[in-house]
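I have placed the structure first, in the form of structure tokens, so that the comments after it can refer back to it.
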Amino acid sequence: MIYVAQAGGSDGPVKIGKAKNPKGRVAGMRTGCPMDLKLLTFANWHDSNEKIIHWYLRNSKIRGEWFTPSDLVENVCQRIDQNEFYELMEEITKDPCFRHSFIAGLCGQ
């Protein structure tokens, strides 16, 4: 499953990750997080889609799976919340860099 969590309120960093049990994963992360951490949403999407979403949000990346809130991050979160997998993948593949950057990265080039 793909999940979305946010630390520190509506202006805080957003984490997009994968877990078999998103509620349990976020509950476990709260132990080491000094800010309030809230599970925003999750969808039963294949774990491999996490890498594609992270690539798409590359310009909002803070570190690892954490992203600065932005319109694009908000759009992705809404797509996950609405379980709009195909709509999100269509948006991602329209990115002019997708074909070259992401596919070449998967092939190790």
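Computed from the coordinates by the stated procedures, all read-outs in this text should not be read as laboratory data. Everything quoted here is computed from the prediction, not taken from an experiment. Virtual Cβ from ideal backbone geometry, glycine too; neighbours counted across all protein chains shown.
Brief remarks on what is shown
- Verdict on Glu74 being loosely packed, with under 13 Cβ neighbours inside 10 Å, closer than 18 Å to Ala5 by Cβ and in contact with a strand residue (DSSP E or B) (Cβ under 9 Å, 6 or more places away or on another chain): yes
- Complete set of residues in region 6-38 that are surrounded by 12 or more Cβ atoms within 10 Å (Cβ to Cβ), within 21 Å of Ser70 (Cα to Cα) and more than 12 Å from the chain's Cα centre (by Cα): Ala7, Gly8, Gly12, Met35, Leu37, Lys38
- Pairs where the first residue, in region 26-47, is in contact (Cβ under 8 Å) with a residue 12 or more places away in the chain and the second is assigned to a strand (DSSP E or B) and among the basic types (Lys, Arg), C-beta under 6 Å, 6+ apart: Asp47/Lys18
- The listed residues are Ile62, Ile92, Ile53, and the only one of them that is touching a helix residue (DSSP H, G or I) at 6+ places or on another chain (Cβ under 8 Å) and closer than 18 Å to Ala5 by Cα turns out to be Ile53.
- For Ile80, the conditions (1) closer than 17 Å to Gly12 by Cβ; (2) surrounded by 14 or more Cβ atoms within 10 Å (Cβ to Cβ) are fulfilled apart from (1).
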